[in-house]
Every structure is written in C-alpha cells, then in structure tokens.
1. With r as the distance between the Cβ atoms of residue 329 and residue 203 and R0 = 25 Å, compute the FRET efficiency 1/(1 + (r/R0)^6) and round to 0.05.
2. Show log10 I(q)/I(0) for the stretch 215-292 at q = 0.24, 0.25 Å⁻¹, two decimals, from a solvent-free Debye sum over equal Cα scatterers.
3. Where in the stretch 91-118 does the label zone of residue 75 land, with the point 7 angstrom along Cα→C-beta and an amide N cut-off under 14 Å?
4. Checking understanding here: applying a Kyte-Doolittle mean of at least -1.0 and a length along the axis of at least 27 Å (C-alpha), which whole DSSP H helices in the chain pass?
5. Given labels modelled 7 Å from the Cα in the Cβ direction, how far is it in nm from residue 354 to residue 44?
6. Loop only per DSSP, at most 16 neighbouring Cβ atoms within 10 Å: give me the trypsin sites (Lys or Arg not before Pro) in the stretch 160-199, ordered by residue number.
7. Can you give the helix-only mean residue ellipticity at 222 nm for the chain, where every DSSP H stretch with n ≥ 4 adds -39500 (n - 2.57) and the sum goes over all residues, rounded to the nearest 500 deg cm²/dmol?
8. According to the square roots a ≥ b ≥ c of the eigenvalues of the Cα gyration tensor, what is the shape class of the stretch 422-503, taking rounded for a/c under 1.5, prolate for a/b larger than b/c otherwise, and oblate for the remainder?
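What follows is calculated from the coordinates using simple rules that are stated; it is not laboratory data. All values derive from a computational prediction rather than experimental measurement. Every residue, glycine as well, gets a Cβ built from its backbone with ideal geometry; the counts of neighbours run over all protein chains shown.
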Amino acid sequence: MTTNQASGAYKAFFLGPKAENEAWVRSEFQAILEHWFQWRKDLFPGDAPVSVKTERRTPAYLEARERMIAGLEDLTELLEDELPKFTPRYIGHMVSDLTLPALMGHFAMLLHNPNNTSRDASKVGQKVEAEVIAMLAEMMGFDPTRATGHITGGGTVANFEAVWRARFRQDHWLSLALYLAEERGVKLDLFSAAHMGWNRFAELLAEHNVPLDDLRGYSGVATNPYEFGERMTRAFDQPYRGPILLVPENKHFSWTKATNIFGYGEHAFWPVALDARGKMDVTALAGLIQKAKQETRPISMVVSVAGTTETGEIDPVDQVQAVLNAVREREGWDIWHHVDAAYGGFLCSLLRGEPSSVLSDANTAALAAIGQAHSVTIDPHKLGYVPYSCGAIITKDEQAYAVSSFKAPYLERQLEVPDKWSTTLEGSRSAAGAAATWLTGKTMGFDTSGLGGVIAETIVACRAFRERLVAELPFVRPLDPSETNILCYSLAHEGMSLKTSNAATEAVFDRFVACPEFSVSKTTLSGKAHAKVIERHVGAYGGVLDDDRLVLIRCVFMNPFWREQAVAEKLTADIIGHLKDWFLPAKAA
Ligand SMILES: *Cc1c(COP(=O)(O)O)cnc(C)c1O
C-alpha cells in the first residue's frame with residue numbers, strides 16, 4: 001500500500017455511497033456547463049442570438065419547456081428503480097461506482113459530441129483518443145510510440161477487430177501462395193506459407209517479381225471464399241478447409257460470435273483444454289498447433305485470456321507467448337497472439353509504480369507478457385471504472401493494425417494517417433469513452449499510486465471476505481484459485497453430492513435475487529471444458545461427482561469501499577447471516 005492509498009486519497013476519486021463529495025462535485029459539473037455555455041457565447045461574436053425574451057414567453061415556447069421538464073422528471077423517477085451499482089452492496093457483475101474523472105471526462109466530451117470516425121467531425125476527440133490509446137498501451141507493456149489502436153463499443157467488438165486484422169494479414173500470405181501455385185507453378189508448403197511473416201512475404205514478392213496489386217484476385221477475402229477454397233484445393237492437391245482459431249475452452253461468447261460473423265463457421269473454433277485451475281493448458285496448445293500443421297489448417301490466431309469473465313482467472317500469457325516464440329524460432333511460423341484482457345487488462349496497473357505484491361508471481365509474469373502479443377482487448381468500462389460503452393483494441397504496431405485496404409503494411413509507414421472509418425468495424429464512434437479514460441489516467445494514473453492501488457485493495461478485500469466466509473461457514477466452498485477480485489463459491493456439506501449442492505446453491509442464489517439488500521451473480525461451469533475444475537472442486541470436500549455442472553455464486557469485488565473495515569465487517573456479517581438462514585440443502589434436494 002502506498003502512502004497515497006493509505007491516506008485515503010482514493011476517496012476523492014469516487015462520489016461516495018452517500019454522495020459524500022457532493023459539494024465540490026456539484027460545482028465541477030457546473031463548471032463544465034459554464035464552460036460549455038461560455039464557449040458558445042465567445043465564438044463568432046458577430047452572430048446574433050436567435051431568440052429574444054418575448055419569444056421565450058410565448059405559450060408555445062412555455063408549453064414545450066414544461067413538457068421537457070415534466071418528461072425529465074418522469075425519467076429521473078424511473079431511474080429510481082435502476083439497480084444501485086454504486087453501493088458496496090452491489091457485488092454482482094463487473095461494474096461498480098464510476099470514478100469522478102471518468103464521469104466528468106465523459107460528460108465534458110459528451111457536450112461537444114465529436115464523432116471519432118472522421119477528422120471532419122472530431123478534432124480534439126481524435127487527439128484524446130490517440131493519447132489514451134498510448135496510455136493504455138504503455139500500461140500493458142507495449143512501446144507506446146509504436147503501438148496503436150482505437151476505442152470500441154466494448155470487448156466484444158475489440159475481439160472482432162483483432163480477428164479482422166489477423167485474418168487480413170494471413171489472407172495476404174495465402175494469396176501469395178495461391179498466386180505462386182497458379183501462376184508460376186511454385187508450390188510452397190501451405191502451412192508454412194500461411195504463417196510466413198511479412199519479411200518472407202516481401203522476399204517472395206521480390207524473388208518472383210510479383211506485383212502486389214495482382215494478389216487481389218487470389219485473396220479469399222477480396223474474391224469469393226468458396227471459389228478460393230476450390231482453387232486452393234486444386235493448387236495444393238488436398239482439400240482446403242480454411243483457417244482456425246485456437247481459443248481457451250472457457251471461450252467467451254464473443255469468440256463464437258466471431259466465427260459466425262467472419263464466416264469461419266463454428267467448427268473453426270478449436271478449443272484449447274484448460275487445466276484443473278481453469279487456465280489454458282500450454283501443452284495442449286502446442287499439441288493443437290501440431291495438429292493444425294498435420295491437417296494443414298492455417299491458424300488465424302491464438303487467444304489467451306487475462307481475467308476470465310466467470311472467475312477472473314489469468315491464463316499463462318507468458319508461456320503461451322513462449323510456445324509461439326519457440327515455433328517461430330524452430331519453424332519460422334509467425335502465429336498471431338491476441339490477449340483478451342477485457343477484464344484483466346487494468347490489472348497491469350498493479351505492475352506500474354511502486355510494485356504491489358498482491359498478485360502471484362505467475363500472474364505478474366502473465367500480465368507482464370501482454371506487451372509481446374500482436375493485439376490486446378481491454379475494457380475501460382470494466383476495471384477502468386468508466387461509463388459504458390468503452391472498450392479498446394490495441395495492436396503492437398501499425399503493421400498489426402493494418403486492415404481492409406489491399407495494401408502492404410510492411411512497405412512503408414503511411415505518412416498521413418487515414419481517417420479511422422475505413423479501418424474500424426464500427427462507423428460513428430463517440431469520443432466520450434476516450435475522454436473518460438483519458439481523464440482517469442491523467443488524474444488517478446494507471447499505476448499503484450492511483451487506479452492500480454484501488455484495484456489492489458479490491459483484491460485484498462475479496463480475499464478477506466473469502467477468509468471470513470470460510471472461517472465462519474464450513475459449507476462455503478470457494479472455487480480455487482480466486483486470484484483477482486472475483487470470488488465464486490458453491491455451498492456443500494462435507495461429502496455431499498454435487499446435484500444436491502447445485503440445487504442448494506441455486507436456491508440460495510434465488511434468495512439473493514429476491515433480496516434487495518445485495519446483488520450477486522451466478523455462474524455455472526459445465527461440460528468437458530471444466531470437467532477437471534469441477535472434479536478438483538468437489539474432491540476438495542469429498543463430495544460425490546454425480547453432475548457435470550457446477551453452480552457457483554459469483555461476487556465481483558470492484559467497489560472500492562469494501563476496503564473500509566467498517567463497511568466490510570457490516571456487509572460480510574449480513575451476508576453470513578443470510579447464508580446461514582438460506583442454505584437448506586435438505587429442502588432444495
Ligand atoms: C467482458 C468480456 C468480453 C466482452 O466485452 P464487452 O465489453 O461486454 O463486449 C470479452 N472477453 C472477456 C474476457 C470479457 O471479460
């Protein structure tokens with residue numbers, strides 16, 4: 001804990017569960033409005049106002065104003081029923097109170113409403129976006145002068161952006177292979193060609209004197225993918241089945257969506273097995289790379305996850321990268337590595353500044369390796385404590401960012417950066433998320449003296465909660481490991497059958513849903529993906545493995561105020577009381 005954190009400076013960055021910072025926060029929001037009004041007044045001093053006092057008193061005008069006032073009253077009344085996500089009683093999903101700089105930045109930018117898709121519609125917005133991408137890149141260990149990217153509508157879109165780019169790159173290499181086979185009778189080893197890397201691509205172009213523009217007609221993306229497949233089958237004398245994605249078995253929905261949207265088909269999704277702790281098994285990954293080689297399936301990308309959505313587990317990103325580095329050394333295969341750090345990306349702020357010792361060495365090494373990947377997804381609207389919708393895709397350099405136009409990104413760095421609209425999946429994009437994240441970074445800082453310190457304390461609070469639950473309630477069975485600020489647990493007596501435990505845990509969850517005092521969430525691990533995790537979990541209390549799914553109550557400790565002793569003690573005691581009352585396995589079964 002740094003002095004800054006210990007001194008309670010973090011309390012300045014959140015409104016507080018009782019709006020404790022109301023006085024000065026009100027005046028800051030007022031300042032934003034005043035600045036916005038004054039900006040209008042000062043610009044174009046020669047322009048006359050469009051309304052005068054008498055007009056603002058006509059019945060039509062007054063009636064219109066009343067309608068707005070009443071409408072807004074209705075809306076704010078409706079919002080009284082919104083889920084209160086600001087309070088430490090909310091430990092349901094990956095959302096909590098927002099930071100004040102995030103709210104202020106978002107609001108200030110919102111009033112100016114830049115559209116970051118185009119320079120004609122955004123001047124400051126685009127600049128803020130470029131700066132915040134550099135800040136996030138630096139936090140995650142990329143070279144901020146080379147890394148690039150953009151703000152997206154969230155992690156799902158950011159993951160799609162990575163797939164789009166990885167496919168674009170590989171399509172160039174496959175096009176060249178098809179061109180050489182069809183036009184020059186040169187048959188490359190197809191699997192190696194699919195991962196040849198830009199240097200080899202440039203060498204081959206030069207060696208065979210291939211005009212780059214000619215490759216367009218040999219591209220599976222720029223022409224007809226079915227015809228492309230037939231041509232590949234003919235050219236290489238073996239059925240061409242298209243590229244695959246290697247993604248951990250606990251796949252987030254976004255990866256299934258990606259195989260659908262990009263036309264890979266869901267069978268192109270090759271799940272990489274998880275170990276008994278729910279992390280990607282790198283030996284299995286190495287095996288699948290060999291299998292892909294044997295079946296001549298180009299690998300579009302390997303995905304590792306830094307902070308799974310269900311349990312917050314961090315894959316060994318460093319070991320995944322080591323496997324990819326090794327095949328690159330040995331075979332010359334350049335395989336795209338994407339890190340889905342939608343949730344865990346901001347844990348990298350724990351590695352910046354005075355180091356925090358909250359994370360294990362293994363997780364620290366995993367997070368420190370993100371900067372070696374080709375691309376990463378990070379969601380400021382999760383552990384960045386900024387408003388929805390704000391995700392980001394970052395690539396390690398311009399080359400990895402290139403997409404859509406059939407140009408060769410290796411040839412030259414374009415002097416004039418084109419407008420983003422042609423290189424983003426989304427069209428119009430708000431600058432508000434960029435501003436929210438930017439102001440958070442500028443004021444709190446993405447290191448342990450700021451946001452990193454806040455997150456570190458949430459992990460500490462999560463552990464303290466877990467320890468007290470386990471100490472007082474022997475039937476609480478936490479899922480191991482819980483390494484970040486997410487705690488998942490099932491409820492089971494020693495030796496209990498999993499079916500009975502699942503029913504009882506589900507019944508307790510239903511009681512939480514019906515109880516307005518707390519919000520928690522539920523996650524169910526199931527199937528082959530989690531078989532080892534479930535076996536280990538049930539084995540730990542000598543339970544009977546009579547079900548293939550494991551129901552867990554999930555608590556996300558993002559709210560910063562859980563670190564306050566009094567808050568934590570009161571809420572923990574209340575939850576323990578409920579669990580005691582609600583856990584009635586005999587009835588549930
Ligand atoms: C949340 C999450 C996503 C999706 O992000 P959205 O912002 O909800 O679109 C993808 N991957 C992981 C690991 C996530 O935690």
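1. Between residue 203 and residue 329 the formula returns 0.85.
2. -1.09, -1.13
3. It comes to 111, nothing else.
4. 22-42, 59-79, 155-184, 451-472
5. Inter-label distance under the simple model: 5.2 nm.
6. Listed in order of number, the matching sites are 187.
7. The helix-only estimate for the chain comes to -14500 deg cm²/dmol at 222 nm.
8. oblate
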